[in-house]
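**Q** Here it is, the structure in full.
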Amino acid sequence: MNKGELSAIATQVRRDIVRMVHAVQSGHPGGSLGCTDLLVQLYFDTMNIDPSKFDMDGKNEDLFFLSNGHISPVWYSVLSRRGYFPTEELSTFRKLNTRLQGHPATEEGLPGIRIASGSLGQGLSVALGAAQTKKLLGEDTWVYSLHGDGELQEGQIWEAAMYAAHHKVDNILSFVDCNGQQIDGSTDDVMALGDLAGKWKAFGWHVLTCNGHDFEDLQQAIALGHARRGSGQPTVVLMTTAMGKGVDFMEGTHKWHGIAPSDEQLADALQQLESALEDY
């Protein structure tokens, strides 16, 4: 899929995000908007998947684990537009009896969801277990995971990072959403992350960087990560993004981590996100 096609899908996904959160006046639009381009790249161009044949085991296909589960709006939109479930179901986000919980869960059997991911810090451990399983099965598939930079303040992340290097898990490609923001302020103010590249290298990982809003840059980083298979070393991509990307009044501030736009703000956002595709 070319860059123009990916960009068009990303714009529509961003429309979905602001509409979903606005409709129930709750949810997390900022990080969702910032990670849109990565998820569109993975699901529409990179990953070997068949949405029509989803099952929990995911044998002989690539897997994705969303560790920072609060950005569920972007994941639900991408899953639906990739064909896992009807886009009309996006209108049930965060409502009673919906399969689209505020944080992804497995109880309702929503296709595309393999773990509950609400508590931050757990996703890397799960992804590594899946990656090791695929190696034991002799698969040539990949496991991808996504983590917030604020999430790296959780200790379990670093336990998993140490485990991955020790066990030479080289069929995983983990992304960190480096937007510098978290729920109560900037990451520098809440708990400074310091030299993230240096930290991951110290834990035995190969480190790549990219612009999380440039499809060509994302593709290059993924290709470089794939080339590391067989090295015996896990790879992490530190992805620079802007929280709220695509909507000018949401960009670059932690204030849109977990609040919904008003009617007027929604109208402004949708005007900025013109799309040739259809809204749900």
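**Q** Of all chymotrypsin sites (Phe, Trp or Tyr not before Pro) in segment 184-256, which ones are in loop regions per DSSP and have a Cβ with at most 14 other Cβ atoms within 10 Å? Write out the running numbers ahead of the final one.
**A** On the way: sites: W200, F203, W205, F215, F249, W256; in loops: F203, W205, F249.
For chymotrypsin sites (Phe, Trp or Tyr not before Pro) across segment 184-256 that sit outside H, G, I, E and B with at most 14 neighbouring Cβ atoms in 10 Å, the list reads F249.
**Q** Translational diffusion coefficient, Stokes-Einstein: compute it for segment 1-156 using the Kirkwood radius over C-alpha pairs as Rh, at 37 °C and 0.692 mPa s, and state it as an integer in µm² s⁻¹.
**A** Values: Rh = 15.9 Å.
Here the translational diffusion coefficient equals 207 µm²/s.
**Q** Taking the inverse of the average 1/r across all pairs of different Cα atoms in segment 11-73, what Kirkwood radius in Å do you get?
**A** Numbers: mean 1/r = 0.0763 Å⁻¹.
With all distinct Cα pairs of segment 11-73 included, I get 13.1 Å.
**Q** Can you give the relative contact order of segment 98-159 as a percent, counting alpha carbon pairs under 8 Å and 6+ residues apart?
**A** Answer for segment 98-159 is 28 percent.
**Q** In degrees, nearest 10, range 0 to 90: what is the angle between the Cα axis of helix 3-24 and the longest Cα principal axis of the chain?
**A** 60 degrees
**Q** Sorted from largest down, give the three principal axis spans of the alpha carbons of segment 118-226, whole angstrom values.
**A** Per principal axis, max minus min of the Cα coordinates gives 45, 32, 27 Å.
**Q** For segment 3-272, count all C-alpha to C-alpha pairs, find those more than 24 Å apart, and express that count as a whole percent of the total.
**A** Here the tail beyond 24 Å accounts for 45 percent of pairs.
**Q** Continuing with the same structure: If you average the C-alpha positions of segment 175-240 and of segment 1-70 separately, how far apart do those two centres end up, in angstrom?
**A** 19 Å
**Q** Continuing with this model, one more query. Can you give me the relative contact order of segment 155-212 as a percent, contacts being Cα pairs under 8 Å and 6 or more apart?
**A** This gives 43 percent for segment 155-212.
**Q** What is the sum of charges, Lys and Arg at +1 and Asp and Glu at -1, for the other residues whose Cβ falls under 12 Å from the Cβ of G34?
**A** Charge balance in the 12 Å sphere: -2.
**Q** Quick check: the angle from helix 263-272's long axis to the longest principal axis of the chain, C-alpha only, nearest 10 degrees?
**A** Its long axis makes an angle of about 60 degrees.
**Q** At a 10 angstrom cut-off on C-beta neighbours, averaged per residue, how do the peptides 68-76, 25-33 rank from highest to lowest?
**A** Order by mean packing, descending: 68-76, 25-33.
**Q** With angles folded into 0 to 90 degrees, how steeply does helix 72-82 sit against the dominant principal axis of the chain? Use alpha carbons for both and round to 10.
**A** Once rounded, one gets 90 degrees.
**Q** Antiparallel versus total DSSP beta bridges in segment 3-272: what percent is that, nearest 5?
**A** Taking every DSSP beta bridge with both residues in segment 3-272, the antiparallel ones total about 10 percent.
**Q** Separation of segment 80-143 and segment 149-167 by C-alpha centroid, Å?
**A** Each part's Cα centre sits 20 Å from the other's.
**Q** How high is the relative contact order of segment 3-272? Use alpha-carbon pairs under 8 Å, at least six apart in sequence, and give a whole percent.
**A** Dividing the mean separation by the residue count of segment 3-272 yields 24 percent.
**Q** Additional query: Please work out the ratio of the alpha-carbon Rg of segment 226-280 to 2.2 N^0.38 Å and round it to two decimals.
**A** Normalised Rg, Cα atoms only: 1.75.
**Q** With θ taken as phi - 60° and the coefficients 6.51, -1.76 and 1.60, list the Karplus ³J(HN,Hα) couplings across segment 136-153 in order, rounded to whole Hz; mark glycine and proline as x.
**A** Ordered by residue, 3J(HN,Hα) equals 5, 7, x, 7, 9, 7, 10, 10, 10, 9, 10, 9, x, 5, x, 5, 6, 7 Hz.
No value in this document is a laboratory result; all are computed from the given coordinates. Because the structure is predicted, anything quoted here is derived from the model rather than measured. We place every Cβ from the backbone using ideal geometry, glycine too, and count neighbours over all the protein chains shown.
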